[in-house]
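This report concerns only the one structure given below.
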Amino acid sequence: MNPSTRSRRGRRRLLGTVVHRALVVLLLIYLLAPFCWMVVYSLYPPEALQGEGFVVGAVTLDSYRRLLADGSFLVPMANSAIVGIATTVITMTLGSACAYVLARTRFRGRQALLLGMLTVQAIPVIVLAVPLFILLRAFGGYDHLVGLIITYTAFILPLVVWMMVGFFADLPPSLERAARIDGCNRLQVLTRIAVPLAAPGMAATAILAFITSWSDFFLAKVLTTSKAVTLPVRTAAFQGLFAMDYTSAATAGVITAVPVLILALLAQKWIIRGLVEGAVKG
């Protein structure tokens, strides 16, 4: 290969690297700019934003202290935590058992069942909002945490099953056969062998389930009014008819986003693996 050819290829490779990194930087700016802007707004009092603008000396944590001492804000935060944790526990318990059975048994209609579960995720939530509202009103679940938990469980459980099937299918069956020879039944094999080996995948799936239920706004807005209001709905309430409390809204948005960001950062490797390997093997 002559020097000129190597030089052209080197320039093309360098250009490709520069373009790739520039696109990554632009994407990061696009994704992080709204959150950074929200953090900035949460640190400035309304009078500073309306008057002198962004001055370092005007930075304050008063909005965080005020909201975290406000009972009308703490109750929705507790509601979101209860709904998120309960939904995660229920979906992981039921979903793991169901996924293990689907990963280890072959029966007619198995693929159709899995595709049917996945189809639930493709149905727009807005299509089911009115039927869910009517059902919960009829059975007394409207504006109750139990109604929200049941609703979120119905939507998140298929995703949990779909992802966990892939993780259980990756486990070597020889370990489970050895456990059966040692006298373990199916339930013991699941709890003592399969679950510990699939723990990283279960952690990633549980985090996704929690994030989905914690940050949902639409269903919580439709299915609650006062007693079971969650944090996203309470945050949206800072938007008034003629004005908006930008500092309080930004502070509430940061408080809502921080748990999600922490969980996502701690488990990003597992989440990516779950999304990539969560397909069903035939």
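The values are calculated or read from the model by the stated rules, or taken from the named source; none is laboratory data. The structure presented is a predicted model; accordingly, all values stated were derived computationally and were not measured. Neighbour counts run over all protein chains shown; Cβ positions are idealised from the backbone, glycine included.
So, in segment 109-160, of the ones that are of a type in the set (Phe, Trp, Tyr) and part of a helix (DSSP H, G or I), which residue ends up surrounded by the fewest Cβ atoms within 10 Å (Cβ to Cβ)?
Only one residue tops the list, namely Phe139.
Do we have any residue at all in segment 103-120 that's of a type outside the set (Lys, Arg), in contact with a helix residue (DSSP H, G or I) (Cβ under 6 Å, 6 or more places away or on another chain) and within 17 Å of Leu263 (Cβ to Cβ)?
Of segment 103-120, the ones of a type outside the set (Lys, Arg) are 103, 105, 107, 109, 111-120.
Filter once more, so that each one left must be in contact with a helix residue (DSSP H, G or I) (Cβ under 6 Å, 6 or more places away or on another chain): 103, 117-118, 120.
Now drop any that are not within 17 Å of Leu263 (Cβ to Cβ), which leaves none.
Within segment 103-120 (the criterion being of a type outside the set (Lys, Arg), in contact with a helix residue (DSSP H, G or I) (Cβ under 6 Å, 6 or more places away or on another chain) and within 17 Å of Leu263 (Cβ to Cβ)), the answer is no, since none of the residues qualifies.
Pick out the one residue from Leu190, Leu241 that is in contact with a helix residue (DSSP H, G or I) (Cβ under 9 Å, 6 or more places away or on another chain), of a type outside the set (Gly, Ala, Ser) and either at pLDDT below 85 or not in a helix (DSSP H, G or I) (or both).
Leu190
With respect to Leu31, is the statement that it is assigned to a helix (DSSP H, G or I), closer than 26 Å to Ala249 by Cβ, at pLDDT 75 or above and not assigned by TED's automatic domain parsing to the domain that holds Phe238 true? Lay out the reasoning, then the answer.
On the way: assigned to a helix (DSSP H, G or I): yes; closer than 26 Å to Ala249 by Cβ: yes; at pLDDT 75 or above: yes; not assigned by TED's automatic domain parsing to the domain that holds Phe238: yes.
Judged against the criteria, Leu31 is a match.
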